[in-house]
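Data first, discussion second: the structure below is written as structure tokens.
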Amino acid sequence: MVSQVEFNLVPRKRGFHLVTDEIIMNLPHLPEVGLLNIFLKHTSAALTINENADPDVQTDLDAIFNRLVQEREPYYEHTLEGDDDMPAHGKSTIAGVSLSIPITNGRLNLGTWQGIYLCEFRNRGGGRKIIATVIG
Amino acid sequence: MVSQVEFNLVPRKRGFHLVTDEIIMNLPHLPEVGLLNIFLKHTSAALTINENADPDVQTDLDAIFNRLVQEREPYYEHTLEGDDDMPAHGKSTIAGVSLSIPITNGRLNLGTWQGIYLCEFRNRGGGRKIIATVIG
Amino acid sequence: MVSQVEFNLVPRKRGFHLVTDEIIMNLPHLPEVGLLNIFLKHTSAALTINENADPDVQTDLDAIFNRLVQEREPYYEHTLEGDDDMPAHGKSTIAGVSLSIPITNGRLNLGTWQGIYLCEFRNRGGGRKIIATVIG
């Protein structure tokens with residue numbers, strides 16, 4: 001049994017953002033046991049799991065990724081869409097756009113400290129589209 | 001209902017390659033709603049989603065990964081299989097070998113700018129094996 | 001048809017560890033054809049696929065990740081839980097905590113050289129919790 005829904009996340013500024021509640025709010029009815037896949041329909045942002053407590057983790061993750069793939073590298077050829085564009089593509093492949101999370105007792109079975117992040121790598125990314133697919 | 005097929009991709013040179021059409025050509029019949037998992041049976045290449053339009057993105061992604069994990073680092077111990085081998089293992093874990101994509105209306109529901117990439121990290125990787133599992 | 005089980009991995013020291021056998025030992029009955037998702041309920045470790053043969057690959061992967069996200073960067077703000085903590089969060093997002101693997105003929109369909117790794121990024125991470133979800 002598979003159900004599916006497509007929705008937009010509220011636009012967010014560049015950075016790592018906790019979106020667990022916004023994702024859950026948009027999900028269809030969850031089975032007792034199953035698997036949720038959330039898929040981001042973009043190539044300059046990503047979805048990941050990380051700490052849901054201290055906001056400093058979000059700031060530091062953003063700093064880490066900004067250093068992993070820096071802007072204005074002299075070897076970039078894809079430069080017409082802004083300094084933040086090509087690094088955003090690189091970061092998107094590093095963090096990934098497809099995330100599967102187990103469902104147990106009708107709820108997402110995240111660890112105590114886990115939350116779902118939208119990683120927004122563009123300066124002005126707009127409302128990002130998500131497809132949620134529920135198997136169970 | 002699960003169906004599955006195993007196939008080989010055409011060999012490609014080192015770099016990031018758009019393989020959306022070749023993947024789709026090899027898929028079994030897709031359900032109206034579901035989830036596709038594609039799994040690469042190798043440890044020195046990867047699968048990812050990225051931009052399907054400007055070929056410069058592929059060149060730049062290759063350059064980004066070549067700088068993230070460089071060849072001939074003095075601390076490498078696994079060196080017998082060539083300068084490109086250990087970096088390929090590192091890059092494979094960074095980009096990942098397992099990718100899940102939603103199926104909607106009997107087709108892969110990719111974003112407008114999304115394509116499926118084979119990331120070939122070896123100089124001569126040969127034909128890479130893929131397992132496609134369709135749930136729906 | 002979905003089945004699910006939760007279990008703890010034996011605690012391991014910081015580094016990349018082959019855990020294929022320990023994972024398989026804990027799985028429920030596998031269907032003839034299907035998909036396994038393993039999900040790590042933590043934010044400072046990860047699951048990945050990499051080479052199952054030469055132990056030097058594990059040492060070098062650890063070295064690669066220790067250089068990708070280094071300790072004591074002057075820009076870290078999240079520093080109260082130890083020098084290894086914030087880098088562990090960064091590495092966890094790079095390698096990922098959710099891994100899907102195809103099931104064929106009632107067994108995990110890994111490539112000849114593939115094994116499942118626990119990437120332990122903390123100095124003392126303890127026993128890590130895994131949820132295994134089997135679809136088929």
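Assorted remarks:
- Filter result for C:Asn50 (in contact (Cβ under 8 Å) with a residue 40 or more places away in the chain, touching a Phe, Trp or Tyr at 6+ places or on another chain (Cβ under 6 Å) and surrounded by fewer than 23 Cβ atoms within 10 Å (Cβ to Cβ)): no
- Being within 14 Å of the chain's Cα centre (by Cα), of a type in the set (Ser, Thr, Tyr) and farther than 24 Å from C:Gly115 by Cβ is a condition met by no residue of the stretch B:47-56.
- Answer from A:Glu22, A:Glu81, A:Glu77, A:Glu73 - the residue that is farther than 23 Å from C:Glu6 by Cβ, outside any strand (DSSP E or B), modelled with pLDDT under 95 and not hydrophobic (A, V, I, L, M, F, W, C): A:Glu81
- Per-region count, the stretch C:84-107, residues not small (Gly, Ala, Ser) and not in a helix (DSSP H, G or I): 9
- Every pair of residues 6+ apart whose Cβ atoms lie under 7 Å, when the first sits in the stretch B:59-81 and is more than 11 Å from chain C (Cβ to nearest Cβ) while the second is open to solvent by less than 10 Å² (accessible area, probe 1.4 Å) and assigned to a helix (DSSP H, G or I): B:Asp60/A:Met86; B:Leu61/A:His89; B:Leu61/A:Gly90; B:Leu61/A:Thr93; B:Ile64/A:Gly90; B:Phe65/B:Lys91; B:Glu71/B:Pro87
- Only residues that are in contact with a Pro (Cβ under 7 Å, 6 or more places away or on another chain) and not hydroxyl-bearing (Ser, Thr, Tyr) were counted across the stretch C:2-59, and they come to 5.
- Considered as a group, the residues in the stretch C:101-136 that are within 13 Å of chain B (Cβ to nearest Cβ) and closer than 21 Å to A:Leu108 by Cα include one that is most open to solvent (accessible area, probe 1.4 Å), and that residue is C:Gly136.
- If you filter the stretch B:25-51 down to residues that are outside any strand (DSSP E or B) and in contact with a helix residue (DSSP H, G or I) (Cβ under 7 Å, 6 or more places away or on another chain), you find that the one that is farthest from B:Phe121 (Cα to Cα) is B:Thr43.
- Test result for A:Asp62, open to solvent by 20 Å² or more (accessible area, probe 1.4 Å) and in a helix (DSSP H, G or I): yes
- Looking at B:Ser98, B:Ser92, just one residue is open to solvent by 20 Å² or more (accessible area, probe 1.4 Å) and within 7 Å of another protein chain (Cβ to nearest Cβ), and that residue is B:Ser98.
- Test for A:Thr93: is it among the hydroxyl-bearing types (Ser, Thr, Tyr) and touching a Pro at 6+ places or on another chain (Cβ under 7 Å): no
- Filtering A:Arg72, A:Arg67 for residues that are closer than 20 Å to A:His17 by Cα and of a type in the set (Lys, Arg) leaves a single hit, A:Arg67.
- Looking across the stretch C:2-44, the residues that are closer than 13 Å to C:Ile116 by Cβ, aliphatic (A, V, I, L, M) and in contact (Cβ under 8 Å) with a residue 12 or more places away in the chain come down to C:Leu9, C:Leu18, C:Val19, C:Ile23, C:Ile24, C:Leu27, C:Leu36, C:Ile38, C:Leu40.
- Residues that are open to solvent by less than 30 Å² (accessible area, probe 1.4 Å) and under 20 Å from A:Gly96 (Cα atoms), drawn from the stretch A:18-36: A:Val19, A:Thr20, A:Glu22, A:Ile23, A:Leu35, A:Leu36
- Any chance C:His42 is open to solvent by 10 Å² or more (accessible area, probe 1.4 Å), at the interface with chain A (Cβ under 8 Å from one of its Cβ atoms) and touching a strand residue (DSSP E or B) at 6+ places or on another chain (Cβ under 8 Å): yes
- Applying the criterion of being out of contact with any Leu (no Cβ under 8 Å at 6 or more places or on another chain) and assigned to a loop (DSSP other than H, G, I, E, B) to the residues of the stretch A:1-19, the residue that is farthest from the other protein chains (Cβ to nearest Cβ) is A:Val10.
- Candidate set from the stretch A:100-121 (those that are within 15 Å of the chain's Cα centre (by Cα) and β-branched (Val, Ile, Thr)); member that is nearest to B:Ser98 (Cα to Cα): A:Ile101
- Boolean, C:Pro87 is within 14 Å of chain B (Cβ to nearest Cβ), more than 15 Å from B:Met86 (Cα to Cα) and either open to solvent by less than 30 Å² (accessible area, probe 1.4 Å) or modelled with pLDDT under 95 (or both): no
The values are calculated or read from the model by the stated rules, or taken from the named source; none is laboratory data. Note that the structure is predicted; figures quoted are calculated from it, not measured. Glycine also receives a Cβ, built like all others from the backbone with ideal geometry; neighbour counts cover every protein chain displayed. To get the accessible areas, we keep the full protein, side chains included, count just its heavy atoms, and leave off ligands, DNA and RNA. Shrake-Rupley method; radii C 1.70, N 1.55, O 1.52, S 1.80 Å.
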